[in-house]
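Q: Structure incoming, see below.
The values are calculated or read from the model by the stated rules, or taken from the named source; none is laboratory data. Because the structure is a prediction, the values reported are computed rather than measured. Heads up, the Cβs are rebuilt from the backbone with ideal geometry, glycines too, and the neighbour counts pull from every protein chain shown. Just so you know, the surface numbers come from the protein's heavy atoms only, side chains and all, with ligands and any DNA or RNA stripped out. Shrake-Rupley method; radii C 1.70, N 1.55, O 1.52, S 1.80 Å.
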Amino acid sequence: AVALAKSGKRVGLLDADIYGPSVPLMFGVKGEKPRVNENRDIVPLERHGVKLLSMGFLVDPNNAVVWRGPMASSAVKQFVNDAVWGELDYLILDLPPGTGDIQLTLVQTVPVTGTVIVSTPQAVALADARKGIKMFEKTGVPCLGIVENMAYFTPPDLPDRKYFLFGQAGAQKLAAEMEVPLLAEIPLEQATREAGDLGAPVTVREPDSLGAGVFRELAGRVAREVSIRNAEAPATQPIEILHR
């Protein structure tokens with residue numbers, strides 16, 4: 001999201017992981033609250049050129065959100081429909097793992113352009129990623145590509161070395177199997193971890209780091225895949241799920 005914003009795009013980021021929101025910490029806005037305008041609409045916060053909404057802004061970070069699925073789904077709908085996002089080039093929704101209520105609510109509520117599936121290289125994680133791709137395919141949402149997180153470790157003093165701690169080329173093989181692009185292989189890097197913990201994304205705090213470069217490449221590839229998808233296919237429509 002930050003890399004897209006730094007390229008001049010208007011970007012919103014909706015943290016739809018109701019039970020484990022991480023955007024407040026990673027953007028350095030922990031403890032801040034969005035305001036409500038005269039029309040009772042939520043006004044997103046903004047940091048690093050990105051408009052932000054998260055359940056983490058509305059609940060005590062030390063308490064768990066103990067909600068059933070319908071309550072979580074209602075919160076996502078409110079963040080989408082009752083917020084003043086303004087004119088955006090991209091609205092990115094950070095979803096929780098799995099294929100549950102949040103994902104179904106999303107595809108019923110808004111026309112989703114496409115999904116970016118994130119996985120780590122090992123087989124146990126790739127199995128869940130495969131299910132995620134299949135779930136969105138069934139609801140008419142195309143997969144724009146796969147991102148492999150924690151793909152390898154390169155020691156700072158050995159920049160030419162790569163250690164594949166969680167397995168090698170797992171997401172690459174899944175991308176080939178599912179016939180979608182491999183968008184990025186994000187390294188396991190101290191600078192990226194520290195930036196997230198300190199609330200200053202790595203593309204801002206350490207712009208010359210290996211991770212920041214990969215995120216900029218990822219942003220460009222996602223933008224390209226969105227353009228291709230919009231040129232070649234009609235807009236995705238929200239779906240209606242009928243219960244019998």
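Q: Does any residue of segment 165-181 turn out to be of a type in the set (V, I, T) and free of Cβ contacts under 8 Å to residues at least 40 places away in the same chain?
A: For segment 165-181, residues of a type in the set (V, I, T) and free of Cβ contacts under 8 Å to residues at least 40 places away in the same chain: absent.
Q: Restricting the search to segment 11-29, which residues are within 12 Å of R47 (Cα to Cα) and either of a type in the set (S, T, Y) or not in a helix (DSSP H, G or I) (or both)?
A: V11, G12, L13, F27, G28, V29
Q: Listed residues V110, V124; which is under 29 Å from L210 (Cβ atoms) and of a type in the set (V, I, T)?
A: Answer to the check: V124.
Q: Consider A83 carefully, then state whether it is at pLDDT 85 or above, more than 16 Å from the chain's Cα centre (by Cα) and of a type in the set (A, V, I, L, M, F, W, C).
A: For A83, the condition - at pLDDT 85 or above, more than 16 Å from the chain's Cα centre (by Cα) and of a type in the set (A, V, I, L, M, F, W, C) - is met.
Q: Quickly run through segment 119-133 and pick out the residues that are in contact (Cβ under 8 Å) with a residue 12 or more places away in the chain, assigned to a helix (DSSP H, G or I) and either of a type in the set (F, W, Y) or over 13 Å from Q103 (Cα atoms) (or both).
A: A123, A125, L126, D128, A129, R130
Q: From S73, S22, which residue is polar (S, T, N, Q) and at pLDDT below 85?
A: Criteria check complete, one pass: S73.
Q: Checking E177 against (1) at pLDDT below 95; (2) in contact with a Leu (Cβ under 8 Å, 6 or more places away or on another chain), which test does it fail?
A: (2)
Q: Name the single residue that is surrounded by the fewest Cβ atoms within 10 Å (Cβ to Cβ) among those in segment 18-37 being β-branched (V, I, T) and within 21 Å of the chain's Cα centre (by Cα).
A: Per the stated criteria, the residue is V29.
Q: Right, another one. Residue under question is P156, and the condition is that it be touching a Gly at 6+ places or on another chain (Cβ under 6 Å) and over 20 Å from L13 (Cβ atoms); does it hold?
A: no
Q: Looking at (1) small (G, A, S); (2) under 17 Å from S22 (Cβ atoms); (3) at pLDDT 85 or above, which is the one condition that is false for A64?
A: Unmet for A64, out of (1) small (G, A, S); (2) under 17 Å from S22 (Cβ atoms); (3) at pLDDT 85 or above: (3).
Q: Follow-up question, since we're still on this one. Counting just the residues of segment 134-170 that are of a type in the set (F, W, Y) and not in a loop (DSSP other than H, G, I, E, B), which one comes out most open to solvent (accessible area, probe 1.4 Å)?
A: Y163
Q: Which residue is modelled with the lowest pLDDT, if the candidates are limited to segment 195-243 and must be touching a helix residue (DSSP H, G or I) at 6+ places or on another chain (Cβ under 9 Å) and open to solvent by 90 Å² or more (accessible area, probe 1.4 Å)?
A: E240
Q: Can I ask one more? Residue check, D208 against (1) farther than 29 Å from R161 by Cα; (2) part of a loop (DSSP other than H, G, I, E, B); (3) among the charged types (D, E, K, R), all met but one. Which one?
A: Of (1) farther than 29 Å from R161 by Cα; (2) part of a loop (DSSP other than H, G, I, E, B); (3) among the charged types (D, E, K, R), only one is false for D208: (1).
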